[in-house]
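First up is the structure itself, then whatever we jot down about it.
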Amino acid sequence: MTSTTQGLFYLIAAVCFILALKGLSSPRTARNGNLLGAAGALLATVTVASKAPAAPSRLPLRAVRGVDSPLSARMKQTAAIR
């Protein structure tokens, strides 16, 4: 998927979210607004997932680096073993 296609999908998802908010403003149109918002969320999620790297990265370790928590300590120990 090219970056132009991804940008187009993000734009469509954003328009879906905006129209969903408009639809949720009235009880009569709330069901359609909810469905439109769900469709926009699905489109955005699929677009992000298609952009993700195929190989696992060390992103979770980088995300918690510098945070003193039992989880980050365990992740650092596990990374040191590898």
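Bear in mind that the values in this text are calculations on the coordinates, not laboratory data. Owing to the predicted nature of the structure, the values given are computational and were not obtained by experimental measurement. Cβ sites come from the backbone with ideal geometry, for glycine too, and all protein chains shown count toward neighbours.
Here the convex hull built on the C-alpha positions of the range 1-51 has a volume of 45 cubic angstrom per residue.
Show me 38-48, 22-32 ranked by packing, highest mean number of other Cβ atoms within 10 Å first. Please list the in-between numbers first.
Working: 38-48: 14.7, 22-32: 12.0.
Per-residue mean Cβ counts within 10 Å order the peptides as 38-48, 22-32.
Mind giving me the FRET efficiency for Lys51 and Ile18? R0 is 25 Å, r the Cβ-Cβ distance, nearest 0.05 is fine. Result of the calculation: an efficiency of 0.65.
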